[in-house]
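Asker: Sharing a structure here in structure tokens format.
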Amino acid sequence: MKTASLHRGWPDLTKDSEHPFFRPLWRRIAVVVVCLAWAALEFVNGASSWGVIALCFAGYAVWQFFLAYSPPAGPGKEE
């Protein structure tokens, strides 16, 4: 039995990384770059704890968007 989506007409996604917003490669790269820039900013300002947290975000983004990523089924193609 398939569960109903929260929003009528939207696909039922199991993970946020499968959202069609992340289908273009440039958006996935941008998320990783922003996390890495945030980490660098925190390290430069002496906040190493926040820098490590931002690096963890970047690592998780690399895992989700490049290593374990499979585009959702549906119309459209990767840019």
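Asker: Please go through the stretch 41-64 and pick out each residue that is out of contact with any Lys or Arg (no Cβ under 8 Å at 6 or more places or on another chain), open to solvent by less than 60 Å² (accessible area, probe 1.4 Å) and either assigned to a helix (DSSP H, G or I) or among the polar types (S, T, N, Q) (or both).
Answerer: Glu42, Gly51, Ala54, Ala58, Gly59, Val62
Asker: Can you tell me which residue in the stretch 13-40 is most open to solvent (accessible area, probe 1.4 Å), limited to those that are of a type in the set (D, E, K, R) and in a helix (DSSP H, G or I)?
Answerer: In this case the residue turns out to be Asp16.
Asker: Continuing with this model, one more query. Might you check whether a residue that is at pLDDT below 75 and over 14 Å from the mean Cα position of the chain (by Cα) occurs anywhere in the stretch 65-74?
Answerer: yes
Asker: So which pairs qualify, if the first residue must be in the stretch 28-49 and more than 14 Å from Val62 (Cβ to Cβ), the second must be in a helix (DSSP H, G or I) and open to solvent by 80 Å² or more (accessible area, probe 1.4 Å), the Cβ gap must be under 6 Å, and the two must be at least 6 apart or on different chains?
Answerer: So the pair list comes out as Glu42/Trp50.
The values are calculated or read from the model by the stated rules, or taken from the named source; none is laboratory data. The shown structure was predicted, so the numbers you read here are calculated from the model rather than taken from an experiment. Quick reminder, even Gly has a Cβ in these numbers, built from the backbone with ideal geometry, and neighbours come from all protein chains shown. Note: areas computed on protein heavy atoms with side chains; ligands, DNA, RNA excluded. Shrake-Rupley method; radii C 1.70, N 1.55, O 1.52, S 1.80 Å.
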